[in-house]
Amino acid sequence: QVQLVESGGGLVQAGGSLKLSCAASGRTNREYATGWFRQAPGVEREFVGAITWSTGSTFYRDSFKGRFTISRDAAKNTVYLQMNSLKPEDTAVYYCAASKSWPTALIRMYDYWGQGTQVTVSS
């Protein structure tokens, strides 16, 4: 089983930056890819991007390319989501999740989820 814990959310002004963390634990977490998703009130959860533990390969939903960057620190078992040029519409709960499938943006392919961290961008 894989356990995931997000942190780093908070309130930021439009145009600012925020870096989220996803701490992973569990015996087989290195076999999984880690994805980031977000969900705003009244909106379906959407895929942001994902990274593999083995090679650090990444892929992103087109709308986030260039503004959001995913990275990992193998020594800390942590995946990061760096968010720049934030907009009020980026306000959402951000989740990390683990999947054995790669690459995939499908929610149903992610087996383990964190509890989420709130990001609020003020105008």
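The values are calculated or read from the model by the stated rules, or taken from the named source; none is laboratory data. Here the structure is a predicted model, which means the values were calculated and not measured. Note that we place each Cβ from the backbone using ideal geometry, even for glycine, and neighbour counts take in every protein chain shown. Please note that ligands, DNA and RNA were not included when accessible areas were found on the heavy atoms of the full protein model with its side chains. Shrake-Rupley method; radii C 1.70, N 1.55, O 1.52, S 1.80 Å.
Under a Cβ-Cβ cut-off of 14 Å, what is the net charge of the residues other than VAL12 that fall near it, where Lys and Arg count +1 and Asp and Glu count -1?
Working: positive: LYS19, ARG67, LYS87; negative: GLU89, ASP90.
Here the charged neighbours net out to +1.
A simple charge model with +1 on the Cβ of Lys and Arg, -1 on the Cβ of Asp and Glu and nothing else charged puts the dipole of the chain at about 220 debye relative to its Cα centre.
Would you mind computing Rg(Cα) / (2.2 N^0.38 Å) for segment 14-64, counting N as its residues? Write down the numbers at each step before the final one.
On the way: Rg = 13.2 Å, N = 51, 2.2 N^0.38 = 9.8 Å.
Relative to the rule-of-thumb radius for its length, segment 14-64 sits at 1.34.
Would you count, across the chain, every pair of lysines whose alpha carbons are under 16 angstrom apart, provided the pair is eight or more residues apart or spans two chains?
The result is 4.
Along its three principal directions, the equivalent ellipsoid of the chain from the Cα gyration tensor extends over semi-axes of 23, 14, 13 Å, largest first.
With Cβ to Cβ distances under 14 Å as the rule, what net charge do the other residues near TRP36 carry (K, R +1; D, E -1)? Please report the intermediate quantities before stating the final value.
Values: positive: LYS19, ARG38, ARG45, ARG61, LYS65, ARG67, ARG72; negative: GLU6, GLU46, ASP90.
Around TRP36, the surrounding residues sum to +4.
Here the Karplus curve 6.51 cos²θ - 1.76 cosθ + 1.60, taken at θ = phi - 60°, turns the phi angles of segment 58-75 into couplings of 10, 8, 10, 5, 3, 5, 10, 4, x, 9, 10, 9, 9, 9, 9, 10, 4, 5 Hz, with x standing for Gly and Pro.
Mean sequence separation of contacting Cα pairs (under 8 Å, at least six apart), scaled by the length of the chain, corresponds to a relative contact order of 36 percent. Couplings for segment 85-97, taken from phi via the Karplus curve 6.51 cos²θ - 1.76 cosθ + 1.60 with θ = phi - 60°, read 6, 5, 10, x, 6, 7, 4, 4, 8, 9, 10, 10, 8 Hz in order; Gly and Pro are left as x.
Accessible surface calculations at 1.4 Å, restricted to protein heavy atoms, place the chain at 50 Å² per residue. Around SER122, under 15 Å between beta carbons, what's the net of Lys plus Arg minus Asp minus Glu among the other residues? So the surrounding residues net to -1. Residues within the reach of a label modelled at ALA23 (point 7 angstrom out along Cα to beta-carbon, backbone nitrogen below 12 Å), restricted to segment 62-103, are 76-79.
In loop segments of segment 1-92 as defined by DSSP, the GluC sites (Glu not before Pro) with at most 12 further C-beta atoms inside 10 Å of their C-beta are GLU44. Would you mind checking which residues have amide H under 5 Å from TYR112's amide H? H placed 1.01 Å from N; only 5 or more apart, or other chain. Amide H to amide H, under 5 Å and 5 or more residues apart or across chains, TYR112 pairs with ALA98.
Under 10 Å, Cα contacts only: if you run a Gaussian network model on the chain, which one of ASP73, ASP90, ASP62 comes out with the highest mean-square fluctuation? It is ASP62.
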